[in-house]
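One structure is given below, encoded as structure tokens.
The values are calculated or read from the model by the stated rules, or taken from the named source; none is laboratory data. No experiment lies behind these values; they were computed from the predicted model shown. Cβ: placed from backbone, ideal geometry, glycine included. Neighbour counts: every protein chain shown. Ligands, DNA and RNA are excluded from the accessible area calculation, which covers all protein heavy atoms including side chains. Shrake-Rupley method; radii C 1.70, N 1.55, O 1.52, S 1.80 Å.
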Amino acid sequence: MGNCFAGVKKARSVPKYKVVVCGGAGGIGQPLAMLMALDDRVKEVCVQDVTMAMVPAAGVAADLGHLERPAKVSSFAIDPAKKPVDQLRDCLTGAHLVLVPAGLPRKPGMTRDDLFDKNASIAKGLVEACAEYCPTAVIGLIVNPVNSIVPAMCEFYKKKGLLPRRIVGITTLDVVRANKFVAERTGTHVADVDVPVIGGHAGITILPLFSQVPPMGKIGAEEIKAMDVRTQDAGTEVVQAKDGKGSATLSMAYAGARLGKAVLSGLEGDSANAVECAYVAVLEDGKKIGTTLPYFTTKVKFGRDGVVEDVRPIGKLNDYEKGRLAEVEKQLGEEAQKGIEYAQRL
């Protein structure tokens, strides 16, 4: 099981990786950049954002630059009125990992289609720049709606002749939440809990496989169903607790760092710590995974060349989970198709 602080107090390692956080001056971006800067394998963290960000990217970089860690922290601000590809050469060149907690939140009166159109445009600009300046980097997307944005960007990458599995949707927060809920309910230490969460990253497309977690064996069916629903709706818990004044930023940053550190472990050849659940292109592995969908969340392993080198089967499901999977695939299929169709128009 991953831990975003893994490596913080280990023996010294040689810092060699460049990590870019796009949207790095935002509510998720700032703590995410900090957590990546704490990893001694990282030689540089670049905090990238727009020029009119509420907190300047340069200020975030100056703050993080005082941490007693090897990483150099730089900043880069772009004018959103201009194409990112025309501005991000210095920022992205040499990057091994690009984490993207960017995009707009859904606002009152905004339809899901409106949100997708605006955020797909933002993601496209950044992904296009990555294709130009760091085509071998892993790109971790935290751009809503993830279920549609990730397929759109992967298909866009394919059209450029690049590997779609260099782009992943960061769904790790669903795993983090499910693990915490199981640990609290069963009294198990959270380090000993690893709930696979498959499907997508919104509402009913989130499917935690509690049947594959031994401590849950004594929990009744109705309570497991309630925990399933809670995992799906956990983001709303945070929004309500913040009285509408914010969403899940700190836990999302923690989850993004877990995924990021798994990527770095893959680059290091540390296979044991290079596995996380992520939303990826299925390609020819549908039968192996256990899905007919073109995009799906399952456990994946990151490799030395910075790409998803292995996707894991979803494993045995109980009857409840089989029924839920049918719901997941219907909803997720429609949402993934929206992204695929977007890329076809590019």
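So how strong a dipole does the stretch 210-346 carry about its Cα centre when Lys and Arg Cβ are +1 and Asp and Glu Cβ are -1, to the nearest 20 debye?
120 debye
In the stretch 205-309, which GluC sites (Glu not before Pro) are in a loop and have at most 15 other Cβ atoms within 10 Å, using DSSP for the loop call?
Answer by residue number: 284.
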* Structure fact -> On the formula 1/(1 + (r/R0)^6), with r taken between the Cβ atoms of residue 230 and residue 270 and R0 of 35 Å, the FRET efficiency rounded to 0.05 is 0.60
* Structure fact -> Between the alpha carbon centres of the stretch 246-260 and the stretch 76-107 the gap in Å comes to 19 Å
* Stretch residue 341-residue 83 to full length: gain in nm at 0.36 nm per residue minus the Cα-Cα span? -> 90.6 nm
* Asked: Tilt of helix 172-186 relative to the longest C-alpha principal axis of the chain, in degrees (0 to 90, nearest 10)?
  -> 40 degrees
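Could you tell me the ratio Rg/Rh of the stretch 287-346? Both radii from Cα atoms, Rh via Kirkwood.
Working: Rg = 13.9 Å, Rh = 13.3 Å.
Reported Rg/Rh, Kirkwood definition of Rh: 1.05.
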* Out of 125, 169, 140, any idea which swings most in a Gaussian network model of the chain, alpha carbons joined below 10 Å? -> 125
* Asked: Looking at the chain, what % of its DSSP beta bridges pair antiparallel, to the nearest 5?
  -> 40 percent
* Structure fact -> For the stretch 155-169, Karplus-derived ³J(HN,Hα) couplings (6.51, -1.76, 1.60; θ = phi - 60°; whole Hz; x for glycine and proline) come out as 5, 4, 4, 4, 5, 8, x, 9, 6, x, 7, 7, 10, 9, x
* Asked: Past the 27 Å Cα-Cα mark, which pairs from 180/316; 43/288; 83/159; 82/299; 107/322?
  -> 43/288; 82/299; 107/322
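Suppose every Lys and Arg Cβ carries +1 and every Asp and Glu Cβ carries -1, with no other charges. What dipole size does the stretch 102-153 come out with about its Cα centre, to the nearest 20 debye? If you can, show how the numbers build up before the last one.
Values: 5 positive and 5 negative charges, 44 e Å.
In debye, rounded to 20, the stretch 102-153 gives about 220.
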* To do: Considering the options 294, 259, 94, tell which one lies farthest towards the positive end of the dipole of the chain, charges being +1 on Lys and Arg and -1 on Asp and Glu at the Cβ, about the Cα centre.
  => 94
* Please give the contour-minus-distance gain from residue 192 to residue 247: 0.36 nm per residue of separation, less the Cα-Cα distance, rounded to one decimal in nm. => 17.0 nm
* Label 7 Å along Cα→Cβ of residue 185; the stretch 225-248 residues with amide nitrogen under 18 Å? -> 225-238
* To do: Would you mind estimating how fast the chain diffuses translationally, via Stokes-Einstein at 4 °C and 1.567 mPa s with the Kirkwood radius over Cα pairs, in µm²/s?
  => 64 µm²/s
* Structure fact -> Expressed to one decimal in nm², the mean projection of the alpha carbon convex hull of the stretch 230-322 is 7.6 nm²
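Could you put 189, 66, 201, 96 in order of accessible surface area, largest first, with the 1.4 Å probe and the full protein assembly present?
Sorted descending by solvent-accessible area, the residues read 66, 189, 96, 201.
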* To do: Identify which of 278, 202, 191 has the largest mean-square fluctuation in a Gaussian network model of the chain, with springs joining Cα atoms closer than 10 Å.
  => 191
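Rounded to the nearest whole Å², what accessible area per residue is found for the chain with the 1.4 Å probe? Could you put the intermediate results ahead of the total?
Values: 15330 Å² over 346 residues.
About 44 Å² of surface per residue is accessible.
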* Asked: Taking a point 7 angstrom from the Cα of residue 54 along the C-beta vector, which residues in the stretch 212-242 have backbone N less than 19 Å away?
  -> 236, 238-242
* Rank 17, 122, 32 by how far each Cα sits towards the positive end of the charge dipole of the chain (+1 on Lys, Arg Cβ; -1 on Asp, Glu Cβ) and give me just the farthest. => 17
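Counting only C-alpha contacts under 8 Å and six or more residues apart, can you give the relative contact order of the chain as a whole percent? Show your work: numbers first, answer last.
Values: 689 pairs, mean separation 58.8, N = 346.
About 17 percent, as a whole number.
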* Structure fact -> Charge dipole of the stretch 219-300 built from unit charges on the beta carbon (Lys, Arg +1; Asp, Glu -1), centred at mean Cα; most positive-end Cα among 236, 250, 273 is 250
* Relative to the longest principal Cα axis of the chain, at what angle does helix 250-268 sit, 0 to 90 degrees, rounded to 10? -> 80 degrees
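Only sites in a loop by DSSP and with at most 14 other Cβ atoms within 10 Å count here; which trypsin sites (Lys or Arg not before Pro) in the stretch 271-346 make the cut?
304, 316, 345
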* Structure fact -> The Cα radius of gyration of the stretch 44-96, divided by 2.2 N^0.38 Å with N its residue count, comes to 1.17
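Using the crude model of +1 on Lys and Arg Cβ and -1 on Asp and Glu Cβ, and no other charge, please compute the dipole size for the chain relative to its Cα centre, in debye to 20.
In debye, rounded to 20, the chain gives about 460.
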